[in-house]
Every structure is written in structure tokens, then in C-alpha cells.
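Read-outs: derived from the displayed coordinates by stated rules, not from any lab. Just so you know, these numbers come straight off a predicted model, no measurement behind them. Cβ coordinates were reconstructed from backbone atoms using ideal geometry, including for glycine residues, and neighbour counts include every protein chain displayed.
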Amino acid sequence: MSSKVAILYDEDFHAWTQEQAKALRTHFRGDNRIDVEHLAEEIEDLGKSELHAVESYIENVIEYLLKLDYSGWAEARNHWRAEIDAFRGSIERKITPQIRQQVERSSKRSIAALGARQPARCTSASRTSSGGFPRPVPITGRRSGTGT
């Protein structure tokens, strides 16, 4: 194994899986001794599962930050803070440069899509018994409820 590939495997598993799948498709095309397409898909899926795990942890952080900001349930606050710290630790262990880029691109698209739909949501929310959505809160790097 070349040192560049070994380094990529150690530093960015997601990127390594994508490169290996591409190499399989390129170098073993037409070789009917192995099921290249399915093997390449399985390798890609390994990298995708890493991406999906990071996305899930990010969603959990956002969910718990919103709970801290909007819930009046004081008894749960310490638990939610501990959960946020655990999710952030999991993100730090799993995130790679390529996953970070993909998450950033995806979040920019999601934010743009939310902005485009916001007026319709506000209109429909005004008809609900709850009185609508809470005020918009920018998601920043600060830890909710800790002052940092």
C-alpha cells in the first residue's frame, strides 16, 4: 500500500473509502472474477455511514441546545448539557476534513432552503393553537446556558 493511501486511511477514512471505490471501478472494470460494482458500493457505504453518524450527532447537539434555550424544565438542564458534551466529543472523534466540507455544504443548502420557506411556515404557524414558532436563534459555537 502506498504511503499516501495509508496516510489518507488514518487521517480521513471517508475520503479513503471514496478513493478506494473509484480505484476499484477504474482498475478492475471488466474483470469478472470479482463483483467490482457491489464491492465498490460497499466501500463507499462505509464512508457514508461515518458521514451519517456525524450528521446525526450534529442534529442531536442542535436539538439539545434548543431544549436548553426553550424548555422551562430546570431538572433536565444538567443532563442536556452532559449529552451535548458527549455528542460534541463523538463529532470530534468521527469528523474528517472531507466530512466537515460535506456537512458545511449541506448545512448552507439547508439554511438557504429554510429561509426560502420561512414565510409559508410563519403563515401556517399563526393558525395553530400554540401561537407559532419561537423566535429565530442563531446557532453559534457558544454553549447554551453556560455563558461561554
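See the values below:
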quantity	calculated
Cleavage-rule hits (trypsin sites (Lys or Arg not before Pro)) in the range 1-71: DSSP loop, at most 11 neighbouring Cβ within 10 angstrom	Arg29, Arg33
The range 3-121: radius of gyration and largest Cα-Cα distance (Dmax), Å	19.3, 63
Amide H contacts of Phe28 (H built 1.01 Å from N, under 5 Å, at least 5 apart or other chain)	none
Unit charges at the beta carbon, dipole of the range 7-97: most positive-side option, Leu68, Ile58, Ala21	Leu68
Whole-Hz couplings from phi, Karplus 6.51/-1.76/1.60, listed for the range 36-46; x for Gly and Pro	4, 4, 5, 5, 4, 4, 5, 5, 4, 4, 4
FRET efficiency for Arg105 and Asp10, using Cβ-Cβ distance with R0 set to 25 Å, rounded to 0.05	0.55
Rounded if a/c under 1.5, otherwise prolate or oblate - the range 1-68, Cα gyration tensor axes	oblate
Phi-based couplings in Hz for the range 87-101 (Karplus 6.51, -1.76, 1.60; Gly and Pro marked x)	5, 5, x, 5, 4, 4, 6, 9, 6, 10, x, 5, 4, 4, 4
Per-residue ³J(HN,Hα) for the range 64-72, Karplus 6.51 cos²θ - 1.76 cosθ + 1.60, θ = phi - 60°, Hz, x for Gly and Pro	6, 5, 5, 4, 4, 6, 10, 8, x
Charge-dipole axis of the range 3-121 as Lys and Arg at +1 and Asp and Glu at -1 on Cβ define it, positive-most pick from Ser90, Ser110, Val5	Ser110
